[in-house]
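Read the structure below first, then the notes.
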């Protein structure tokens, strides 16, 4: 399960982003899926906190439109992994 989480985390970092400081709703939903999987997998709160920061940093590098599309796709993929 940890390998799945790490793979999904890598995907989230690669695929995520937007230009505003506030994450789009789609990215917040995507993060909630990732966080839930991480907690289920026994990942430490500190590691989750660090990963959230990395996720947000990547989200903030892209335009809002691009981030919205990427996060929608990511949420769909994460939904299939459940």
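Per-structure values
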{"read-out": "Sorted by Cβ density within 10 Å, fewest first, the residues 70, 81", "value": "81, 70"}
{"read-out": "Bins of 10 Å, starting at 0 and running to the largest distance - Cα pair percent for region 30-82", "value": "24, 50, 25, 1"}
{"read-out": "Full-stretch length increase - residue 4, residue 49 - with 0.36 nm per residue and alpha-carbon distance subtracted", "value": "14.4 nm"}
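A short reminder: the numbers here are calculations on the coordinates, not readings from a lab. These figures come from a predicted structure and were not determined experimentally. Positions of Cβ are backbone-derived with ideal geometry, glycine not excepted, and every protein chain shown enters the neighbour counts.
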